[in-house]
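First up is the structure itself, then whatever we jot down about it.
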Amino acid sequence: MKRLLCLCIGLLLMSTLPWLTAARNDAPSPERLGYKPSFEVTYFSSLEYRYLLSELLFYDATFYYGTILEKPGLRPDYIMIGRYIDYATRLNAFNIDAYYLGQAILVWEAGLVKDMNLMLERGAKRRDWDFYLPFFLGFNHAYFLNDPKGAAEYMSQAAKLNPRATFLPTYVGRLYYEADKTKQAIQYLKVVYEGTFDQKLRKSILVRIATLESIQFLEGAVRKFEQKTGRRPAELDELVSAGILKGIPPDPYGGHFFYDRSDGRIKTSSKMALQGAKNDRH
Amino acid sequence: MQQRFPIAAATFKGGMRDKFLLGLGIVSMLLVCTMPVFGSFSMRDVAGAATTYGLSLVSAFGVLLVIFIGGTLIPRDIQSRTIYSAVTLPVSRTRYLLEKYLGLAHLLAFSMGALGVVNLAALGLMASYYPPDKPLAWGNYLVYLFFDLEKLLVLAAVLIFLASIATSAFLPQVLTVAVYAIGLTTEKVKLYVESAEGAKNISPALKVVVQWLYYICPNLSPFDFKVQMIYALPVDPKIMLLALLYGIGYIVVMLVLASFAFSRRDFV
């Protein structure tokens, strides 16, 4: 009888598990990604499992980011994600997943382009057969750092590593002569999409491509407006009232498109990040 | 083997009958089967992530095997008093010790081979579904397995030495775990203390301690060829040869020391 009673008490206490999980889930986000030891401690204590640890750090950062995206109102801790990616790529400089994640999040959403470039350069030295890393570097230099010369060098490296990517040589040329950054970004994202297995990431890339295609469409409409009226529009609604467009397409990220007269570019209030990260170029 | 090395054969059979080996084998096989799940979270390199996981599992399995099966070989004989009949046999104590080691080595090779084959099949399956950037280098897999086994044999030699002087099973096991951790760290720490950054942060006394540990404890890092397998990187034959020679040398030294200690040991 006593044993049965103890068993019941035990089972009763164990039934708190769903509440425990819910409480942990509601905890402030920085605590969910709380790996703090220095890199040296991590490296020395990883024994023969540093490649596995590198994968686990990448997974931890991916799950954390995925969880944050599902919670409206929370902004990912980009500095911590950057730290995880830095550790993951230092523990295993071949870990392409970590570079992919960093390129997708740190560069586009957090604006940590130079930090990510340092990691990519480290990886490009080790993964000397992989065209993706010089391709990422080339794109970052062209699109984010306005450095077409540096970009062309990396793109040439990428083209040598992947001769089957026939668009790369022309891409290099366009970096010099073409100012259409939206087109560059769409082409870049299509390449990344092709090389990605992860369904969530593929979906998010498609959303970004759709947004950029809307921007490209609006940029074309603005050019038509300029040809027609000889002036720049004050706002996008003028394109509708001038009969060039039937309506303004919605921003897949939930924001709205607007025309920035200062640089003549179409931008979006969402900054192409679900949480509206501050440092994104758009 | 049974006629030429009866103690080694008995050790191998005893190890095969050990329920711990069976349990560990089943758990490891099941974990290897979870490779696709682990790899599926990868964004770009599913086969690479799965391989990393699979190889780490095989290595962890081997280390647990050395510590829990190897750690009880001699202490169990002492505790069950079968050592008394063993030392009265017309074989020297050194031969008894060496045959125990041989039996353990045989058991390790068999277990690693069995798990290695299952792991290989799982890797092949993963690579066929998610082709990696570079085709898997199957030769590198053999290199990885061979040197992982050599690492386990070095660790087993350390364990036999510690068991030959210790009075309980627990102490050699704990010390072997410590040697395993130190053995995989000394090379990294030595290179760090000799670097410009390490010279600034590390005291000269600690530097001496690190260098002593580097030479006394086995350096297990050179036996790790996982990265060459995961990313199909070329393997340097010079490194393989040196690692092979170093491992054999360390095993010989440990077994000789164990023989000295065991020959002088009083079991009464």
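Bear in mind these aren't lab numbers, they're just calculated from the coordinates by the rules spelled out. Just so it is clear, the structure is predicted and the values come from calculations on it, not from any experiment. Note that we place each Cβ from the backbone using ideal geometry, even for glycine, and neighbour counts take in every protein chain shown.
Details
- Between 0 and 90°, nearest 10: helix B:93-129 axis offset from chain B longest Cα axis: 20
- Here the simple spin-label model places points 7 Å from the Cα toward Cβ, and for residue A:125 and residue B:213 these points are separated by 2.7 nm.
- Residues of type aspartates and glutamates that residue B:13 reaches as a straight line, Cα spacing below 20 Å, ignoring anything fewer than 8 places off in the same chain: B:77, B:99
- Annotation: extensible slack from residue B:205 through residue B:3 equals 67.4 nm (criterion: 0.36 nm per residue apart, minus Cα-Cα distance).
- Phi angles across the stretch A:2-9 convert, under the Karplus curve 6.51 cos²θ - 1.76 cosθ + 1.60 with θ = phi - 60°, into 3J(HN,Hα) values of 4, 5, 5, 5, 4, 4, 4, 4 Hz, Gly and Pro given as x.
- Max mean-square fluctuation residue, GNM over chain B, Cα-Cα springs under 10 Å, options B:141, B:96, B:84: B:84
- Look at B:215, B:250, B:231 and count the other Cβ atoms within 10 Å of each Cβ; fewest to most, that gives B:215, B:250, B:231.
- Ignoring aspartates and glutamates fewer than eight residues from residue B:151 along the same chain, the ones with Cα atoms less than 14 angstrom from its Cα are A:48, B:224.
- Amide H contacts for residue A:265 (H built 1.01 Å from N in the peptide plane; partners 5 or more residues away or on another chain; cut-off under 5 Å): A:260.
- Rounded to the nearest 0.05, the FRET efficiency derived from the C-beta distance between residue B:238 and residue A:36 at R0 = 56 Å is 0.90.
- For the stretch B:205-251 versus the stretch B:26-50, the gap between their alpha-carbon centres in whole angstrom: 27
- Between residue A:75 and residue B:246, the FRET efficiency estimated from the beta carbon spacing at R0 = 41 angstrom works out to 0.20.
- Each Lys and Arg Cβ is given +1 and each Asp and Glu Cβ -1; about its Cα centre, the stretch A:38-127 then shows a dipole of about 260 debye.
- Selected from A:95, A:117, A:59, residue furthest toward positive end of dipole (the stretch A:38-127; charges at beta carbon): A:117
- Counting only alpha carbon atoms, the long axis of helix A:78-91 and the longest principal axis of chain A meet at about 80°.
- Entries in A:125/A:271; A:203/B:226; A:228/A:267; B:100/B:238 that, when Cα-Cα distance is taken, lie over 28 Å: A:125/A:271; A:203/B:226; B:100/B:238
- Using θ = phi - 60° in the Karplus curve 6.51 cos²θ - 1.76 cosθ + 1.60, the 3J(HN,Hα) couplings for the stretch B:225-235 round to 10, 5, 4, 5, 6, 4, 10, 6, 8, x, 9 Hz; x is entered for Gly and Pro.
- Charge tally in the Cβ shell below 14 Å around residue B:155, where Lys, Arg are +1 and Asp, Glu are -1, residue B:155 excluded: -3
- Residue-by-residue Karplus 3J(HN,Hα) for the stretch A:245-251, coefficients 6.51, -1.76, 1.60, Hz, glycine and proline x: 10, 7, x, 8, x, x, 7
- 5 angstrom amide H check on residue A:236, placed H, neighbours 5+ away: A:259
- Ranked packing of A:236-245, B:179-188, A:47-56, most packed first, by mean Cβ within 10 Å: A:47-56, B:179-188, A:236-245
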